[in-house]
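Q: The structure under discussion is supplied below as structure tokens; questions concerning it will follow.
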Amino acid sequence: MTGITPSLVAFLGAASVFVLLVGVWYPAHARARGLRRRIESLSGPGFAAVDMGGRRRITGSFRLWTGGNRIVSKIERRVEMAGLDLTAGEILAAAAILGATAALLGGVAVGPLAIVPAALAGAALPFAWLSFRRRRRSSAFLRQLPDTVGLLASAVRAGHSLMQGLEQVAKEALEPTRSSLEQVVREIGLGAPLDQSLERLAKRFPSEDLDLIITSIGVQQQVGGSLAVILDDMADTLRDRERINGEIAALTAPQRYSAYVLALLPVCVTGAIYLISREYMSALFEGPMRLVVAAAALMVVLGFLIMRKMATINV
């Protein structure tokens, strides 16, 4: 057993103890978190403490529990925007665990110089995953927005009020539109003003289109007019913009894929030559040549970002 080192044994032992502790702790935590989520879904944001099993727990705004910690509050808002059943503490704990694990593996496999970069890379993984989920959910909501506005216009034209139209659309829409509108309907049913509920929806899905729709609804509520006509016009505008965006994406596809090819080509060629002849490529990673490799990598990244920016056209 020559491949087993004391560091590896220590890591495996610590991992086993950690898995055992998580297995004992997580079921009770999941039940308590499920109860807290249900209370928050009924009470909405901004409500204070609720007595749960003899302990005071803060529901609603996470900012009350954190005492105004901006970093934790920002993470909690991103978790809400991503539609995940997690807390900021769980995201931070995952970042700490992955960072420590990556640092240990990097130190064992490469050496002391790799501990800090490996730790930073491991700690960044939960936040990168959180950003990916948030962008994907927001993109799905915005893609469904023209159909959502069209359904709402049809419901209002059929004689329903705006509140009844939102309820009807929430029943027929797909995720994430369904859960988002259901939250708006719950907040209005519990006494929250319509404009404030829609503003909170806009904060969860930042978009100029959604802001324009909410502003149009607010103006119609104050001034009057045909809400169905306004929503129909908004739906047609959103569909035209989506069509134009699709045409632009098709026209700029060669430039965007050229950026990927030109950025990955040096990496792939370097990796292939390294697998074929390690001694030939090892000279690039020794002495002052490391600075040359770092400069080349930086130039490749900058070139990729510049090409992507040139191929991005906002409508």
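Q: Applying the Karplus parametrisation 6.51 cos²θ - 1.76 cosθ + 1.60 with θ = phi - 60° to the phi angles of region 77-82, what ³J(HN,Hα) value in whole Hz is obtained for each residue in order, glycine and proline being reported as x?
A: 5, 5, 4, 5, 5, 7
Q: Subtracting the Cα-Cα distance from 0.36 nm times the residue separation, let me have the gained length for Val292 to Glu247 in nm, one decimal. Intermediate results must be reported in sequence, preceding the final value.
A: Numbers: separation 45, 0.36 × 45 = 16.20 nm, distance 4.07 nm.
Going from the current span to full extension adds 12.1 nm.
Q: Next question. Return the sequence-ordered ³J(HN,Hα) values of region 125-141 in whole Hz as given by the Karplus equation 6.51 cos²θ - 1.76 cosθ + 1.60 applied to θ = phi - 60°, using x for Gly and Pro.
A: Here the 3J(HN,Hα) series is 4, x, 6, 5, 5, 5, 5, 5, 5, 5, 5, 5, 5, 5, 5, 5, 5 Hz.
Q: Also, I was wondering about something else. With a 10 Å radius around each residue's Cβ, average the other Cβ atoms per peptide and rank 251-259, 172-180, highest first. Don't jump to the answer; show the numbers that get you there.
A: On the way: 251-259: 12.9, 172-180: 16.8.
Highest mean packing first, the order is 172-180, 251-259.
Q: Between Ser207 and Ser179, 0.36 nm times their residue separation minus their Cα-Cα distance comes to what? Spell out each step's value before the answer.
A: Numbers: separation 28, 0.36 × 28 = 10.08 nm, distance 1.78 nm.
Between Ser207 and Ser179, full extension yields an extra 8.3 nm.
Q: Turning to a different aspect of this structure: Normalising by the residue count of region 122-223, find the relative contact order in percent from Cα pairs under 8 Å and 6+ residues apart.
A: 20 percent
Q: To continue, here is another question. Which whole-Hz couplings ³J(HN,Hα) result when phi for each residue of region 239-252 is put into the Karplus expression 6.51 cos²θ - 1.76 cosθ + 1.60, θ = phi - 60°, listed in order with x for Gly and Pro?
A: Each residue's phi maps through the Karplus curve to give 5, 5, 5, 5, 5, 5, 4, x, 5, 5, 4, 5, 6, 9 Hz.
Q: Size of region 143-242 along its principal axes in angstrom, Cα-based, largest extent first?
A: Between the extreme Cα coordinates on each principal axis of region 143-242 lie 35, 29, 23 Å.
Q: Find the centroid of the Cα atoms in region 216-254 and in region 113-142, then give the distance between the two in whole Å.
A: Taking the Cα centre of each part, region 216-254 and region 113-142 sit 32 Å apart.
Q: In percent, how large is the relative contact order of region 252-310, given Cα pairs closer than 8 Å and 6 or more residues apart?
A: Reported as a whole number, the value is 52 percent.
Q: Would you please put 272-282, 143-153, 91-101, 74-84 in order of how densely packed they are, using the mean number of other Cβ atoms within 10 angstrom per residue and starting with the highest? Intermediate values should be presented prior to the final figure.
A: Working: 272-282: 10.8, 143-153: 20.7, 91-101: 16.7, 74-84: 18.4.
Put in order of decreasing packing, that is 143-153, 74-84, 91-101, 272-282.
Rule-based calculations on the coordinates, nothing more; no lab input. Computed from a predicted structure; not experimentally measured. Virtual Cβ from ideal backbone geometry, glycine too; neighbours counted across all protein chains shown.
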